[in-house]
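Data first, discussion second: the structure below is written as structure tokens.
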Ligand SMILES: Cc1cc2nc3c(=O)[nH]c(=O)nc-3n(C[C@H](O)[C@H](O)[C@H](O)COP(=O)(O)OP(=O)(O)OC[C@H]3O[C@@H](n4cnc5c(N)ncnc54)[C@H](O)[C@@H]3O)c2cc1C
């Protein structure tokens, strides 16, 4: 078993760490305060090739694979979980286009998506409940040369900055419900962002509604085959969404560990740093163990994807373990900070708020447990 990253992956980690510290860190305070999306920064990440890290070289990407993407999201997430979240969702939208797009669609969109000239959202969830995608009400009526889309998507990351969205809508009710995926471009009449949510965390990463009102989508914007919508959504959620969330969680845990160690070394009580207290050692040890366990699960799941092996069980397990671990780690880092941990400006309370948002995103952790439990019991039969 080889636990060593390739020289390419190590170089990527180093380069992203530098980028995150130089370009992202100075913007974090403003993002927290204003909740404004730093669009220029996202464009810069596009120029760096971060949006297209998994996209094939011939499509304008870096072709570095899912393990490299995990490292990228971890390093961005260490500085800003909001930017890591935004980035991973853009890769999710783009990933659907790349994996299921026709030659013409890839020609039209792939390079722009890989370089951040085009930003893609993935719009699946509706108010009827994200855990029950078959219950979604958005419809796409076949009108001959186009589809007419009506519906409202909720909790969509990058809703207000996206140039296009991969939208899932119902194309058949009888005898069986069927869903299809569509590429809907910004500016299409009848397509607009709705309410932008006020979230507890991820400030600077917009989450909101996408509204479709008699929106005419040309036939050539059907993604994949008619009826393939749920399969496209599930593949995107599995390979890009959940793995992306795990990458964000790793970044939050690394940040929590570093903040805990730093504060423990600086805070003087009884004439000595609190880093001498056993209670502080225990918390730091627990944060470290959670981070290391999550990393092993995360890297293995990403590696399996890179080997083109089935990884849904491993990804779901990593998603619920790493996100809950990120919340535990942020809480422990807060505890080490005493009252300072509850004050804005010490970052650890931000890590806590951001970590909580990872629990429902891309399928709640109950749903991850359902996936793991169902797969393991089915395999035994
Ligand atoms: C920060 C953030 C970003 C997001 N970004 C996007 C995005 O870009 N695109 C997108 O399409 N969606 C996005 N979502 C939506 C997300 O995918 C949904 O929130 C998620 O699928 C859960 O849906 P829900 O919130 O409607 O909860 P519900 O489905 O209503 O669930 C409610 C409760 O019931 C439980 N539950 C439901 N079914 C089961 C079951 N079978 N077994 C056990 N318990 C169950 C859930 O675990 C939960 O506790 C985002 C969400 C967040 C928080």
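No lab work stands behind these numbers, since they all come straight from the coordinates. All values reported here derive from a predicted model rather than from experimental measurement. Heads up, the Cβs are rebuilt from the backbone with ideal geometry, glycines too, and the neighbour counts pull from every protein chain shown.
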Would you mind getting the Kirkwood hydrodynamic radius of the range 120-227 from its Cα pairs, rounded to one decimal in Å? 13.9
Using only the alpha-carbon atoms, how far is helix 365-380 inclined from the longest principal axis of the chain? Give it as 0 to 90 degrees, nearest 10. 80
Where does each of 346, 299, 50 land when they are ranked from fewest to most other beta-carbon atoms within 10 angstrom? 346, 299, 50
332, 262 arranged by Cβ crowding within 10 Å, fewest neighbours leading: 262, 332
Helix 348-358 sits off the longest principal axis of the Cα atoms of the chain, rounded to the nearest 10 on a 0 to 90 degree scale, by 30
Over the range 120-227, what is the relative contact order in percent, taking alpha-carbon pairs closer than 8 angstrom and at least six residues apart? 31
Quote the relative contact order of the chain in percent (integer), defining contacts as alpha-carbon pairs under 8 Å separated by 6+ residues. 16
By how many degrees, between 0 and 90 and to the nearest 10, does the Cα long axis of helix 65-79 differ from the longest principal axis of the chain? 50
Taking the chain on its own, what percent of its Cα-Cα pair distances exceed 27 Å? 47
Spatial separation of Cα centroids for the range 271-289 and the range 110-134, in angstrom: 42
Value at 222 nm in deg cm²/dmol, rounded to 500, when DSSP H runs of n ≥ 4 in the chain each add -39,500 (n - 2.57): -16500 deg cm²/dmol
Kindly identify the range 110-152 as rounded, prolate or oblate by the Cα gyration tensor criterion: order the square roots of the eigenvalues as a ≥ b ≥ c, call it rounded if a/c is under 1.5, otherwise compare a/b with b/c, prolate if a/b is larger, else oblate. oblate
Across 5 Å bins from 0, what is the distribution of all Cα-Cα pair distances for the range 328-369, in whole percents? 6, 26, 24, 16, 12, 10, 6, 0
Counting other beta carbons within 10 Å of each Cβ, put 270, 288 in order, fewest first. 270, 288
